[in-house]
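The values are calculated or read from the model by the stated rules, or taken from the named source; none is laboratory data. None of the values given here were measured: they were computed from a predicted structure. Neighbour counts are summed over all protein chains in view; Cβ atoms, including those assigned to glycine, are modelled from backbone coordinates with ideal geometry.
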């Protein structure tokens with residue numbers, strides 16, 4: 001075989017091998033997950049250690065997140081509308097997910113630790129679902145944890161200065177079984193759309 005023919009044969013073989021590897025890489029690549037009701041982080045963000053207190057008085061730390069999916073929702077007990085409405089929605093959402101074989105824990109993060117004691121948190125969240133949990137912390141740990149999740153909150157005094165309310169982020173934050181932030185879901189929340197998104201994310205990341 002002439003030298004030029006051998007060179008051409010080798011070149012074709014190399015090109016075929018490269019194309020084969022590229023095709024295999026494409027076929028083995030995990031499918032891209034897209035969601036409609038929020039923002040999915042293509043690179044989940046690992047949470048560092050933190051120290052909160054659960055509604056039963058027990059510590060709630062990074063280890064508490066391992067092995068299951070958790071949806072965090074920031075709020076406060078005396079919130080007049082957004083918090084109870086969202087928790088009622090989450091009750092329906094988790095029931096729907098459970099019927100589809102998907103377990104999702106819900107953690108209500110109180111941004112009002114002065115008034116929302118663990119005992120009050122337990123009574124409040126269990127009214128919506130006995131499996132929901134409430135967590136909080138004293139400052140500055142609460143502010144640190146809120147920053148980790150991307151939560152903003154602030155105290156708003158009443159006009160007479162005798163009481164106050166809280167402004168806070170209304171987003172829902174999904175954390176995966178490795179303790180990494182996986183997605184953010186922003187209102188308004190639609191049951192069927194968000195349920196389908198969560199199933200896709202949880203199944204796709206298993």
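Quick check: is even one residue across region 76-93 touching a helix residue (DSSP H, G or I) at 6+ places or on another chain (Cβ under 9 Å), over 23 Å from residue 139 (Cβ atoms), modelled with pLDDT under 95 and not in a strand (DSSP E or B)? Looking through region 76-93, none of the residues is touching a helix residue (DSSP H, G or I) at 6+ places or on another chain (Cβ under 9 Å), over 23 Å from residue 139 (Cβ atoms), modelled with pLDDT under 95 and not in a strand (DSSP E or B). Just one residue in the set 115, 144, 180 is over 27 Å from residue 97 (Cβ atoms), in the same structural domain as residue 95 (by TED's automatic domain parsing) and in contact (Cβ under 8 Å) with a residue 60 or more places away in the chain; that residue is 144. Residues that are in a strand (DSSP E or B), in contact with a strand residue (DSSP E or B) (Cβ under 9 Å, 6 or more places away or on another chain) and free of Cβ contacts under 8 Å to residues at least 40 places away in the same chain occur at least once in region 95-106.
Among the residues examined, residue 90 does not qualify as more than 20 Å from residue 201 (Cβ to Cβ) and surrounded by 15 or more Cβ atoms within 10 Å (Cβ to Cβ).
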